[in-house]
Amino acid sequence: MTITGIAKQLNVSTMTIYRRCKKNGIALDDLRDTETGELTAAGASVIASLFDATGPQTALTGDATRTSQGYDGVAQTASQAACDVLQARLDGANAVIEQLTSERDDLRRQVAALTAALEREQTDRQAERRLLTAGVDGEAGEAAQPRRRWWPWARR
């Protein structure tokens, strides 16, 4: 399949394909077959994954039995080409899902570690408060030992 052929299937211009590939750092020479110079099946899938889902669906609104040059030189229907495009998009989405799942798991581990550290810090602070108050906790300690103030004495 040529760049022009996939551009027609995706309902975009060839320049749009070149721009998207350049923007994403994809070398078109790596996507082409060395013998024929046409795009390989994997190359066509990579290019198709750069475009949103409306591209192949728009290309299918015409005659669904229309044939085009296949990836391996065999004629295939437009619906099969669209199926390949959608499969490439699905593979890309699955890769993103796996990446996000691993990031979520890492963040959950970090939250658990931070929660444990916070609990240790709170325990240490509570022990420090007990030492500073000589073992007397909170309100009961203040009621047991009234605090002396100097200002009532000054009013006399």
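For segment 86-102, indicate whether the set of residues that are in contact (Cβ under 8 Å) with a residue 60 or more places away in the chain, surrounded by 10 or more Cβ atoms within 10 Å (Cβ to Cβ) and not β-branched (Val, Ile, Thr) is non-empty.
Checked against the condition, which is being in contact (Cβ under 8 Å) with a residue 60 or more places away in the chain, surrounded by 10 or more Cβ atoms within 10 Å (Cβ to Cβ) and not β-branched (Val, Ile, Thr), segment 86-102 yields no hits at all.
Hey, which of the helices (runs of 4 or more DSSP H) in segment 54-156, taking only ones fully inside, have at least 1 residues that are at pLDDT 55 or above?
78-132, 151-154
I'm checking my understanding of the structure. Among residues of segment 28-45 that are more than 21 Å from residue 16 (Cβ to Cβ) and among the charged types (D, E, K, R), which one is surrounded by the most Cβ atoms within 10 Å (Cβ to Cβ)?
For segment 28-45, the residue satisfying everything is 33.
Are there helices (runs of 4 or more DSSP H) fully within segment 1-51 with at least 3 residues that are under 13 Å from residue 82 (Cα atoms) and either in the same structural domain as residue 82 (by TED's automatic domain parsing) or of a type in the set (D, E, K, R) (or both)? List them.
Correct list: 3-10, 41-49.
The values are calculated or read from the model by the stated rules, or taken from the named source; none is laboratory data. Only a predicted model underlies this, so the values are computations on that prediction, with no experimental measurement involved. Quick reminder, even Gly has a Cβ in these numbers, built from the backbone with ideal geometry, and neighbours come from all protein chains shown.
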